[in-house]
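Student: Please find one structure pasted underneath; my questions will follow.
The values are calculated or read from the model by the stated rules, or taken from the named source; none is laboratory data. Quick caveat: nothing in here was measured; it's all calculated off a predicted structure. With ideal geometry, Cβ positions are generated from the backbone for all residues, glycine too; neighbour counts draw on all protein chains shown.
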């Protein structure tokens with residue numbers, strides 16, 4: 001019996017997709033601990049730091065690094081805003097709560113500060129490291 005090359009190709013592609021599944025959660029809210037270098041993230045909510053420092057939902061950010069602050073159980077995530085409309089400005093430290101998550105539970109606010117050059121420092125308590133962030137992938 002002769003084999004159909006089209007059928008063999010389709011069968012091969014289907015078996016490869018089983019080995020490399022497509023992520024079903026692409027574009028969904030990320031946890032702070034899931035943010036990694038080399039990936040662009042998008043804000044899920046408006047981020048208001050100091051007037052006029054304001055980023056609309058959907059603004060894109062690049063993940064830069066993560067460090068721990070010894071003795072205070074805090075992780076500092078560093079991100080940079082793409083297409084920043086005010087690169088010369090900075091902001092004071094502002095508390096931000098991820099919208100729509102944990103409304104009656106633990107206070108999961110993070111502290112965010114922006115340095116000139118649109119460089120964000122996000123201070124996350126270690127206890128909140130695996131809680132919902134303000135970013136999606």
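Student: Under the condition of being over 22 Å from residue 127 (Cα atoms) and within 12 Å of the chain's Cα centre (by Cα), which residue from the range 46-66 is surrounded by the most Cβ atoms within 10 Å (Cβ to Cβ)?
Tutor: Selected residue: 61.
Student: Provide a single number: the residues in the range 67-105 that are closer than 11 Å to residue 121 by Cα, crowded, with 16+ Cβ neighbours inside 10 Å and either in contact with a helix residue (DSSP H, G or I) (Cβ under 9 Å, 6 or more places away or on another chain) or free of Cβ contacts under 8 Å to residues at least 24 places away in the same chain (or both).
Tutor: Residues flagged as closer than 11 Å to residue 121 by Cα, crowded, with 16+ Cβ neighbours inside 10 Å and either in contact with a helix residue (DSSP H, G or I) (Cβ under 9 Å, 6 or more places away or on another chain) or free of Cβ contacts under 8 Å to residues at least 24 places away in the same chain (or both) within the range 67-105 amount to 2.
Student: Among the residues of the range 41-51, is there at least one that is under 27 Å from residue 94 (Cβ atoms), at pLDDT below 80 and not in a helix (DSSP H, G or I)?
Tutor: The answer is no; no qualifying residue exists.
Student: Related question: Hey, among the residues in the range 109-137 that are touching a helix residue (DSSP H, G or I) at 6+ places or on another chain (Cβ under 9 Å) and under 15 Å from residue 72 (Cβ atoms), which one's surrounded by the most Cβ atoms within 10 Å (Cβ to Cβ)?
Tutor: Among them, the one singled out is 124.
Student: Of all residues in the range 87-124, count the ones that are modelled with pLDDT of 90 or more and more than 15 Å from residue 45 (Cβ to Cβ).
Tutor: 18
Student: Testing residue 30 on (1) modelled with pLDDT under 95; (2) closer than 17 Å to residue 113 by Cβ; (3) buried (at least 18 other Cβ atoms within 10 Å of the Cβ), one condition comes back false. Which one is that?
Tutor: In the conditions (1) modelled with pLDDT under 95; (2) closer than 17 Å to residue 113 by Cβ; (3) buried (at least 18 other Cβ atoms within 10 Å of the Cβ), residue 30 misses (2) alone.
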